[in-house]
Amino acid sequence: MSIEPTKFTVADMTCNHCVATVTKALNAALPGAMVQIDLPKHAVQVAGNAAIAAQAIRDAGYTPEPA
């Protein structure tokens with residue numbers, strides 16, 4: 001059984017450094033989770049617990065909104 005990915009819009013993610021920071025935070029909070037980020041669309045998709053993912057993005061300094 002695969003985990004349905006959770007999607008967020010992170011409007012304050014504006015550069016490749018932001019992408020790296022969010023990716024690192026998600027990988028630390030959800031080890032082994034699939035993380036995909038589309039910077040031009042400010043879109044984050046992650047397989048794993050949505051609440052943990054959202055908190056990891058907030059802890060990294062960004063504002064996740066459900067997409």
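The values are calculated or read from the model by the stated rules, or taken from the named source; none is laboratory data. Since the structure is predicted, the reported quantities are computational estimates derived from the model, not experimental observations. Every residue, glycine among them, receives a Cβ derived from its backbone with ideal geometry; neighbour counts consider all protein chains shown. Surface areas here come from the heavy atoms of the whole protein model, side chains and all, with no ligands, DNA or RNA. Shrake-Rupley method; radii C 1.70, N 1.55, O 1.52, S 1.80 Å.
The number of residues in segment 52-67 that are open to solvent by 70 Å² or more (accessible area, probe 1.4 Å) and hydrophobic (A, V, I, L, M, F, W, C) comes to 2.
Picking from Thr6, Thr14, Thr21, which residue would you name as being crowded, with 19+ Cβ neighbours inside 10 Å and among the hydroxyl-bearing types (Ser, Thr, Tyr)? Of Thr6, Thr14, Thr21, the one residue that is crowded, with 19+ Cβ neighbours inside 10 Å and among the hydroxyl-bearing types (Ser, Thr, Tyr) is Thr6.
For segment 1-24, a residue qualifies if it is free of Cβ contacts under 8 Å to residues at least 40 places away in the same chain and within 19 Å of Glu65 (Cα to Cα), and the qualifying residues are Thr14, Cys15, Val19, Ala20, Thr23, Lys24. Within segment 25-37, not a single residue is touching a residue at least 40 places away in the same chain (Cβ under 8 Å) and either out of contact with any Cys (no Cβ under 9 Å at 6 or more places or on another chain) or hydroxyl-bearing (Ser, Thr, Tyr) (or both).
Okay, residues lined up against (1) farther than 15 Å from Thr6 by Cα; (2) within 10 Å of the chain's Cα centre (by Cα); (3) not small (Gly, Ala, Ser):
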residue	(1), (2), (3)
Thr21	yes, yes, yes
Lys24	yes, yes, yes
Ala28	yes, no, no
Gln45	no, yes, yes
Ala50	no, yes, no
Ile57	no, yes, yes
Tyr62	yes, yes, yes
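Tell me, please, whether a residue that is open to solvent by 60 Å² or more (accessible area, probe 1.4 Å), at pLDDT 95 or above and hydrophobic (A, V, I, L, M, F, W, C) can be found in segment 39-49. Within segment 39-49, none of the residues are open to solvent by 60 Å² or more (accessible area, probe 1.4 Å), at pLDDT 95 or above and hydrophobic (A, V, I, L, M, F, W, C).
Open to solvent by 40 Å² or more (accessible area, probe 1.4 Å) and at pLDDT 95 or above, is that true of Ala28? Yes, satisfied. Restricting the first member to segment 47-60 and to residues that are in contact (Cβ under 8 Å) with a residue 60 or more places away in the chain, and the second to residues that are open to solvent by less than 30 Å² (accessible area, probe 1.4 Å) and part of a loop (DSSP other than H, G, I, E, B), no beta-carbon pair is closer than 7 Å while six or more apart or on different chains.
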